[in-house]
Amino acid sequence: MDKYLKFWGTRGSCPVSGPEYLEFGGNSPCLEFVYDDILIIFDAGTGIRPLGKSLLSKKVKKINLFLSHMHWDHILGFPFFAPIYHSDIDISIWAPQGEGRSCHDLFQEVLAPEFFPLCLSELQAKLHFHVISDQVSVQKGPITLSFHKVNHPGLTYCFKIKTPHQTIGYVTDNELSLPFGKEQESLIEFYKECDLLIHEAQYSSKEYTERKGWGHSDCIAALHFVEKTGAKKWLISHHDPSHTDEDLKRIATLVKEKSSVPSEWVKDGQIVELL
């Protein structure tokens, strides 16, 4: 299999462990995209640690890492990503510009002595830092990556991945509530007719009433959003850390009863084949 998505981490906000999370898993966000010889990683949550071991076993030498934003759950695994300790590996890191700080500066802060034993300059891989913008797409071979701002605290982007045969959306952190405004309508247009749309549905409607402004979606608002895009399939990731396997199954059943779009709550380790 040479064209696929693999979800190495599907838990939002905070990694979790315990018997009540065994089915869906507890690693925080990390998605591997492989298209022939193109490798792109989205987010560096704790799921990137096992991914790193896998890449070393395959002797991968060139890695592209795209970060939606710099919140802890999306970067927590980076210091434990084994390829950063190998001098023969090139890693290009793409992230939003911080408030007056470059992507490089932000990583220097993440790897400050108070937080981790090694600093950025002590990592052995060749690191190249780039800024992503909603004004400029990035081309990787036959793959086009585009970006759009989302409703989440701090500058946060979502991704659109266009292959020669499919369009895939990846949105882990986006607060949706009804009715939709101009920003939401712009995002709907951005994702029109996706073949696969990965979008969070972190809260039940009841939970959302208590967590407005936290940057995540009511599952029913997310459902209406996905339907308006015309996406052919909806994959749900970035699960709330308080939601057990049984909670996720219950919410999934509720949403599927109301949805006209095929939907699936994804799990750590799940693979989706691409065309």
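The values are calculated or read from the model by the stated rules, or taken from the named source; none is laboratory data. Given the structure is predicted, the values throughout are model-derived calculations rather than measurements. No Cβ is skipped: glycine too gets one built from the backbone with ideal geometry, and neighbour counts run over all protein chains shown.
I want to confirm something. Restricting to segment 1-12 and keeping residues that are of a type outside the set (S, T, N, Q) and in a loop (DSSP other than H, G, I, E, B), which single residue is surrounded by the most Cβ atoms within 10 Å (Cβ to Cβ)?
Gly12
Could you check segment 201-226 and list, in sequence order, the residues that are buried (at least 17 other Cβ atoms within 10 Å of the Cβ), among the charged types (D, E, K, R) and out of contact with any helix residue (DSSP H, G or I) (no Cβ under 7 Å at 6 or more places or on another chain)?
Passing the criteria: only Glu207.
Applying the selection to segment 165-189, what residues are over 13 Å from His224 (Cα atoms), of a type in the set (Asp, Glu) and more than 16 Å from the chain's Cα centre (by Cα)?
Passing the criteria: Glu183, Glu189.
Out of all the residues in segment 120-175, which are surrounded by fewer than 21 Cβ atoms within 10 Å (Cβ to Cβ), touching a residue at least 24 places away in the same chain (Cβ under 8 Å), β-branched (Val, Ile, Thr) and assigned to a strand (DSSP E or B)?
Val131, Val138, Ile143, Thr167
Only one of Pro15, Pro83, Pro29, Pro96 is within 22 Å of His148 (Cβ to Cβ), surrounded by 18 or more Cβ atoms within 10 Å (Cβ to Cβ) and touching a Gly at 6+ places or on another chain (Cβ under 6 Å). Can you tell me which?
Pro29
Ser121 - would you say it is among the small types (Gly, Ala, Ser) and modelled with pLDDT under 95?
yes
Do you know which residues across segment 250-275 are closer than 11 Å to Phe24 by Cα and either without any contact (Cβ under 8 Å) to a residue 12 or more places away in the chain or in contact with an Asp or Glu (Cβ under 8 Å, 6 or more places away or on another chain) (or both)?
Once the filter is applied, which keeps residues that are closer than 11 Å to Phe24 by Cα and either without any contact (Cβ under 8 Å) to a residue 12 or more places away in the chain or in contact with an Asp or Glu (Cβ under 8 Å, 6 or more places away or on another chain) (or both), segment 250-275 yields only Lys267.
For the condition polar (S, T, N, Q) and touching a Lys or Arg at 6+ places or on another chain (Cβ under 9 Å), what is the one hit in Ser92, Ser133?
Ser92 is the lone residue from the list that is polar (S, T, N, Q) and touching a Lys or Arg at 6+ places or on another chain (Cβ under 9 Å).
Could you figure out which of (1) of a type in the set (D, E, K, R); (2) surrounded by 19 or more Cβ atoms within 10 Å (Cβ to Cβ); (3) out of contact with any Phe, Trp or Tyr (no Cβ under 7 Å at 6 or more places or on another chain) isn't true of Arg49?
Here Arg49 meets the rest and fails (3).
Kindly indicate which of Thr244, Thr229 is at pLDDT 95 or above, over 27 Å from Phe190 (Cβ atoms), surrounded by 16 or more Cβ atoms within 10 Å (Cβ to Cβ) and not charged (D, E, K, R).
None of the other options fit; the residue is Thr244.
Does segment 25-62 hold any residues that are in contact with a His (Cβ under 6 Å, 6 or more places away or on another chain) and touching a residue at least 60 places away in the same chain (Cβ under 8 Å), and which are they?
Correct list: Pro29, Asp43.
For every residue, the table says whether it meets (1) among the hydrophobic types (A, V, I, L, M, F, W, C); (2) touching a Gly at 6+ places or on another chain (Cβ under 9 Å).
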residue: Ile168; (1), (2): yes, no
residue: Leu197; (1), (2): yes, yes
residue: Ser204; (1), (2): no, no
residue: Ala222; (1), (2): yes, no
residue: Lys232; (1), (2): no, no
residue: Leu235; (1), (2): yes, no
residue: Thr244; (1), (2): no, yes
